[in-house]
1. Here are some pairs, Lys65/Lys149; Lys149/Lys207; Lys190/Lys387; which of them have Cα atoms lying more than 18 Å apart in this structure?
2. What's the magnitude of the charge dipole for region 63-155 around its Cα centre, counting Lys and Arg as +1 and Asp and Glu as -1 at the beta-carbon? Answer in Debye, nearest 20.
3. What is the dipole size for region 273-396, taken about its Cα centre, with +1 at each Lys and Arg Cβ and -1 at each Asp and Glu Cβ, in debye to the nearest 20?
4. State which entries of Lys273/Lys383; Lys266/Lys383; Lys84/Lys391; Lys234/Lys383; Lys84/Lys109 exceed 21 angstrom in Cα-Cα distance in the structure shown.
5. Charges on Cβ only, +1 for Lys and Arg, -1 for Asp and Glu, centred on the Cα centroid of the chain; of Ser56, Leu224, Gly359, which one is farthest towards the dipole's positive end?
6. Compute the helix-to-body angle for 76-92: its Cα long axis versus the longest principal axis of the chain, expressed 0 to 90° and rounded to tens.
7. How much of the DSSP beta bridge set in the chain is antiparallel, as a percent to the nearest 5?
8. Once amide H atoms are built 1.01 Å from N in the peptide plane, which residues 5 or more positions from Gly165, or in another chain, come under 5 Å H to H?
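The values are calculated or read from the model by the stated rules, or taken from the named source; none is laboratory data. Note that the structure is a prediction, hence the values are computed from the model and not measured. Every residue, glycine among them, receives a Cβ derived from its backbone with ideal geometry; neighbour counts consider all protein chains shown. Please note that ligands, DNA and RNA were not included when accessible areas were found on the heavy atoms of the full protein model with its side chains. Shrake-Rupley method; radii C 1.70, N 1.55, O 1.52, S 1.80 Å.
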Amino acid sequence: MEAGRQVRNPQILAIALALATIVSGCQSKGGVSDVLDQAAAAAPAGQNAAGPAQASQSLGTGSTKVTMLLPLSAPGTSGETGRKMRDAAKLAMTDIGNGLLTLTIEDTKGDSAQASKQAVQAMTTGSKVVIGPTELPAAQHIATLSGSKRPPVLALADNFAGGAGVYAVRLSEADSAAAGAAGLAAKGRKKFVLLVAEGSNAGAVEKRVANSLSIYGATLAVTLPYSAGDGGAKAIDQMGSLVDAPDAVIVASGDGSPSPVLAALKSKGIPGKAISIVGTDRWLEHPMDPLFEGAYIATLDPSETGPIADRFRTTYNYPADVNAAYAYDMIALTAGIASAVGPDGFSKQTLENPNGFRGSTGLFRFRADGSSQRSMPFYRIEKGVLKLVAKSTSGF
């Protein structure tokens, strides 16, 4: 079943709602207290709320009320990303959503405290879904709020781990690491080591990688958290005594550059003919280093936006990127559920259906813990560029 019954061109994206059973989770018609614990709903501590946001924009005439929070007037890259997402949302409304949704787009100005306040307001005033925010502290704060009847949040923040009812839309390092490991396990590699930067995400990365490898009969022999302070040298020394002849080493570097870890591995002869290295999408936030040569990475193609690419460029006179694709997909997904089930159909059963959804960013699904899983291309770094190895790997 296609999400967009109103799509004007069948070649334009229609997210496939692969739902074995659709269970309508009717939203409560009770008061605000049914939605959020108001005592916990204040903005994140230590942040000052911004001034009044710019005037909101309303699109569509549908019965399903949706709020989208974007940093439209934020400076620099953040504002540019917000405006691209707005344009993608407008395109998705034209293509799919106008008769199904009433979408209100609000400007967070890139301020986390304001974004949190706007999200709480949207969640307590009738929105069936909140799309955004892009600000990580705001998304993290929203995930701490209680309330059994609150509407789902499709958070657009980068590096957000997710939370119950607050779903991480963007590709995470855990998912990239798991899919990269799966890409090699599918080729017969059996024994893996995970080097993961110390921090709050280390456990999530380990769990996802271990689950991914188990699907292919491969094992995560050992996980070694490392400190950025020593460039992973201590962990890599331990690896030699703990694991005999691994097939691959996964390096999940978090916010830091993977180069110091790769230099320490190189001193041990890794990679080599028998041992490969798997990186993650976070590597690509740093300048391409000769030490990256030969590593495998599963990540979304930032220039590939599927069937919306031509429509987007024609409409706005600039190319879509993965940020635009994320925004388009979330509007299309929301419109699809509204079309199939109605305004009260945004239940956990629907959003967390294990069959997932297909959008311009590929196949994805949401988990009960709020994390997402994605299929994506699998690459090998050769002469400083990503060379396609397989069109899709997922790790689930």
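1. On the way: Lys65/Lys149 16 Å; Lys149/Lys207 29 Å; Lys190/Lys387 23 Å.
Correct reply: Lys149/Lys207; Lys190/Lys387.
2. Values: 10 positive and 7 negative charges, 57 e Å.
Using Cβ point charges on Lys, Arg, Asp and Glu, region 63-155 gives about 280 debye.
3. Numbers: 13 positive and 13 negative charges, 66 e Å.
Value, rounded to 20: 320 debye.
4. Values: Lys273/Lys383 18 Å; Lys266/Lys383 17 Å; Lys84/Lys391 26 Å; Lys234/Lys383 29 Å; Lys84/Lys109 14 Å.
Going by Cα-Cα distance, Lys84/Lys391; Lys234/Lys383 fall outside the 21 Å limit.
5. My answer, from the dipole projection, is Gly359.
6. 60
7. Values: 22 of 53 bridges.
Within the chain, antiparallel bridges account for around 40 percent of the total.
8. Result for Gly165 returns Gly370.
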